[in-house]
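Down below is the structure, laid out as structure tokens.
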Amino acid sequence: MIRYALRCHKAHEFEVWFRDSAAFDKQKKAGEVSCPHCGSHKVEKAIMAPNVASRKGPSNREEVERATATVAMLRKMRQAVEKNADNVGDRFAEEARRIHYGEVKPRNIYGNTTKDEAEELVEEGVEFGVIPWVDLPDA
């Protein structure tokens, strides 16, 4: 395994582990390496100091890999929601109620709501989910 310090075109710095240098090159070429902060695929290797073993405990490699995978999954989820649902913006609570009470034809929606509105929807038995909304990569 090899750890690279990487930097995106917006100067965000992060570290990622790869099986070997060829794996980094292959994944970068395939567009699979992205900044966990902004999603940019414009990523280059940054200068880094050599890794010197210490007795401070385990590395955070698994933590970084888990976080990177989570952000990638949340981006895919956002893309799926945007593709398959109508954005009702700040009218989410109102539109969810209209669907729940049969005032309009049922459809998939997404949008924004306040904490108080969300609590009222729960009290009324309106089913909905909350998804952490991560930024999509720059085009």
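What to note about this one:
- Considering residues of segment 42-69 that are surrounded by 11 or more Cβ atoms within 10 Å (Cβ to Cβ) and among the small types (Gly, Ala, Ser) only, the residue modelled with the highest pLDDT: Ala69
- If the condition is being among the hydrophobic types (A, V, I, L, M, F, W, C) and assigned to a strand (DSSP E or B), then segment 81-100 contributes only Val88.
- Taken as a whole, the condition of being closer than 15 Å to Pro137 by Cβ and at pLDDT 85 or above does not apply to Lys26.
- Which listed residue is surrounded by fewer than 14 Cβ atoms within 10 Å (Cβ to Cβ) and part of a loop (DSSP other than H, G, I, E, B), from Glu103, Glu123: Glu103
Per-residue answers, yes or no, for (1) outside the structural domain of Lys42 (by TED's automatic domain parsing); (2) under 23 Å from the mean Cα position of the chain (by Cα):
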site: Val64; (1), (2): no, yes
site: Asp90; (1), (2): yes, yes
site: Ala93; (1), (2): yes, no
site: Pro106; (1), (2): yes, no
site: Ile109; (1), (2): yes, yes
site: Asn112; (1), (2): yes, yes
site: Val134; (1), (2): yes, yes
site: Pro137; (1), (2): yes, yes
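- Checking each residue of segment 70-79 against the condition of being of a type in the set (Ser, Thr, Tyr) and at pLDDT below 80 gives no match.
- Selection of segment 69-98 for residues being without any contact (Cβ under 8 Å) to a residue 12 or more places away in the chain and closer than 20 Å to Glu127 by Cα yields Ala80, Glu94, Arg98.
- Test for Phe14: is it closer than 19 Å to Val134 by Cα, in contact with a helix residue (DSSP H, G or I) (Cβ under 8 Å, 6 or more places away or on another chain), among the hydrophobic types (A, V, I, L, M, F, W, C) and at pLDDT below 85: yes
The values are calculated or read from the model by the stated rules, or taken from the named source; none is laboratory data. All values derive from a computational prediction rather than experimental measurement. Positions of Cβ are backbone-derived with ideal geometry, glycine not excepted, and every protein chain shown enters the neighbour counts.
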